Amino acid sequence: MRISRRAFALATAAVLALPLSACGSGGDDGGSTDASGKVEGDITFQTWNLRANFKSYFDGLVADFEKKYPGTHVKWIDQPAEGYADKISADAAGGTLPDVVNVSPDLVAPLAKAGLALDLDKAAATYKPEYLAGAWASHRIPGTSGTYAFPWYLNTGPLFYNKTLFKQAGLDPEQPPRTYDELFADALKMAQHSGGKVATLANVPTIEDFGRYGSQLMNKAGTGFAFNDAKGIELLTKYKELYDAKALDPQALTATPESTGKKFLTGAVAMNPGSALDLDNFKKQAPSLYKNIGITDQITSTGHVNMYVMGVMVNSRTRHTAAAVAFAHFVTDAQNQMSFAKKVAIFPSTAGSLDDPYFTKEDGTDETRVRIAAAKSLKNAVNYTPVLFSDQMKTALRNEVAKTLQGKENPKSALDNAVKACDRLLQQEG
């Protein structure tokens with residue numbers, strides 16, 4: 001599987017409907033939370049659709065670990081992308097969850113609530129300083145006090161913009177918008193200048209946008225959503241203005257990554273998120289766009305961009321806690337993350353790794369250009385998507401946003417309704 005920003009968006013959208021009552025909170029054969037013992041024993045390690053392209057890497061990783069700890073044996077299992085959440089749910093309910101599991105934050109949340117994810121703040125706190133603060137925090141669950149997975153690889157995407165369109169609208173092509181206020185002002189000017197033919201944005205606001213704008217998203221206890229606060233209402237009000245002025249593409253309500261990509265390619269949209277793969281596509285299909293492409297950070301009014309993160313969780317019931325924790329740390333340590341990052345377009349979550357010349361030194365290639373831009377923004381990035389925010393909740397929010405843009409509901413009522421719907425879903429899942 002090619003790991004890209006889009007793949008992360010898809011991966012983190014998976015929702016684990018775990019039957020918590022079937023899992024209980026312990027058992028006679030439960031494991032130990034003490035990771036200070038001797039590293040030995042047989043453990044299983046499960047990844048998420050990585051064998052096809054990275055078999056040699058993981059075979060080498062396992063061999064290196066077993067060489068470092070002669071009393072261990074690691075059985076590597078790889079599951080297909082389709083049905084991964086269901087597989088974890090079934091294993092959790094049946095007591096067959098592997099010792100070490102590749103998870104995203106939303107997948108680890110119900111496992112942590114069921115007592116099946118080891119709290120690393122208690123069992124492996126010594127390793128915490130090795131990781132970026134935002135990455136370590138990404139596997140904390142609202143309403144709990146622990147951290148339930150080692151952060152593994154990260155991703156984010158820069159924002160591309162069409163310098164020609166900016167220049168034609170009287171905007172400085174070398175000074176793209178960086179905050180939402182700047183974005184809204186530039187977008188309205190772009191739409192006015194083009195007579196509504198060029199939109200700056202092609203997507204409606206998502207939960208990540210509310211986070212980057214400064215909305216609280218959830219209450220501190222993690223028991224309810226709060227994106228209907230003043231900041232949330234203000235953001236949706238601004239998007240309504242953009243939509244009415246055609247500064248937000250009229251087809252934004254039904255947009256897909258493919259459709260927005262095409263609009264950017266043809267000059268109907270001035271800004272769009274992307275990756276190095278998109279740059280190569282521009283070079284082939286739209287040479288004039290490619291010559292005038294700008295690369296900037298995601299728009300944010302908080303100073304922190306959004307990141308996608310994968311993690312490695314330790315089963316709290318493993319019979320070999322010391323070995324499982326040691327292996328999960330080994331997979332995610334600086335050396336092995338750096339090695340993996342050079343094989344695929346992802347970024348390490350370990351502190352200091354993003355200062356490596358691989359992420360800072362230009363060599364004139366498009367791939368490096370995008371990699372450097374993304375790496376720079378990741379140093380203080382956060383995962384804005386609440387770990388408890390499910391696909392159904394995303395749909396509820398999107399539906400209410402649509403009603404506002406279409407003039408069927410005012411922003412406050414729409415967000416109040418979205419929060420109520422999400423809170424109901426949260427209670428059902430809990």
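Could you give me the radius of gyration and the Dmax of the stretch 164-307, taking only the C-alpha atoms into account and expressing both in angstrom?
Here Rg and the maximum Cα pair distance are 15.7, 51 Å.
Of the labelled options (i) 130; (ii) 225; (iii) 154, which one gives volume of the Cα convex hull per residue in Å³ as computed for this structure?
(i)
Report the local net charge at residue 162: Lys and Arg +1, Asp and Glu -1, summed over other residues whose C-beta lies under 15 Å from its C-beta. Present the calculation step by step, with values, prior to reporting the outcome.
Working: positive: 163, 167, 189, 197, 262, 263, 283, 291; negative: 172, 174, 186, 249, 278.
Local charge sum for residue 162: +3.
Once every DSSP H run of n ≥ 4 in the chain is given -39500 (n - 2.57) and the sum is divided by its residues, what mean residue ellipticity at 222 nm do you get, rounded to the nearest 500 deg cm²/dmol? Working shown, then result.
Details: 19 runs with 191 residues, N = 430.
Calculated mean residue ellipticity at 222 nm is -13000 deg cm²/dmol.
Counting only pairs 8 or more places apart or on different chains, how many lysine pairs in the stretch 314-430 have C-alpha atoms closer than 30 Å?
18
Read phi for every residue in the stretch 48-62 and hand back ³J(HN,Hα) as whole Hz from Karplus 6.51 cos²θ - 1.76 cosθ + 1.60, θ = phi - 60°, with x for Gly and Pro.
10, 6, 10, 5, 4, 9, 10, 4, 5, 4, 6, 4, x, 4, 5
With a 1.4 Å probe and every protein chain left in place, tell me how much accessible area residue 420 has, in Å² to the nearest 10.
Roughly 120 Å² of residue 420 is accessible to a 1.4 Å probe.
With springs connecting C-alpha atoms under 10 Å apart, model the chain as a Gaussian network and identify which of 176, 357, 110 has the largest mean-square fluctuation.
Result: 357 has the largest fluctuation of those listed.
Just want to confirm a number: the relative contact order over the stretch 278-430, from Cα pairs under 8 angstrom separated by 6+ residues, in percent.
Details: 108 pairs, mean separation 30.5, N = 153.
20 percent.
Could you work out the local net charge near residue 336, counting Lys and Arg as +1, Asp and Glu as -1, over the other residues with Cβ closer than 15 Å to its Cβ? Present the calculation step by step, with values, prior to reporting the outcome.
Working: positive: 67, 68, 342, 343; negative: 59, 64, 66, 130, 333, 356.
Here the charged neighbours net out to -2.
Tell me the per residue accessible area of the chain using a 1.4 Å probe; a whole number in Å² is fine. Don't skip to the end; give the middle numbers.
Details: 18430 Å² over 430 residues.
The answer is 43 Å² per residue.
May I ask you to give the percent of accessible area on the stretch 26-137 that is carbon plus sulfur, with a probe radius of 1.4 Å?
Details: 2440 of 5070 Å².
Answer for the stretch 26-137: carbon and sulfur cover 48 percent of the accessible area.
Determine the shape class of the stretch 108-181: with a ≥ b ≥ c the square roots of the Cα gyration tensor eigenvalues, call it rounded for a/c under 1.5, and otherwise prolate if a/b is greater than b/c, oblate otherwise. Let's see the in-between values first.
Values: a/c = 4.17, a/b = 3.16, b/c = 1.32.
It comes out prolate by the Cα gyration axes.
Per residue of the stretch 278-286, in order, report the coupling 6.51 cos²θ - 1.76 cosθ + 1.60 (Karplus, θ = phi - 60°) as ³J(HN,Hα) in whole Hz, putting x for Gly and Pro.
Working through the residues one at a time gives 5, 4, 4, 5, 4, 4, 7, 9, 9 Hz.
The values are calculated or read from the model by the stated rules, or taken from the named source; none is laboratory data. Treat the numbers as computed from the prediction; the structure is a model and nothing was measured. A quick note on method: Cβ atoms are made from the backbone with ideal geometry, for glycine too, and the neighbour counts reach across all protein chains shown. Please note that ligands, DNA and RNA were not included when accessible areas were found on the heavy atoms of the full protein model with its side chains. Shrake-Rupley method; radii C 1.70, N 1.55, O 1.52, S 1.80 Å.
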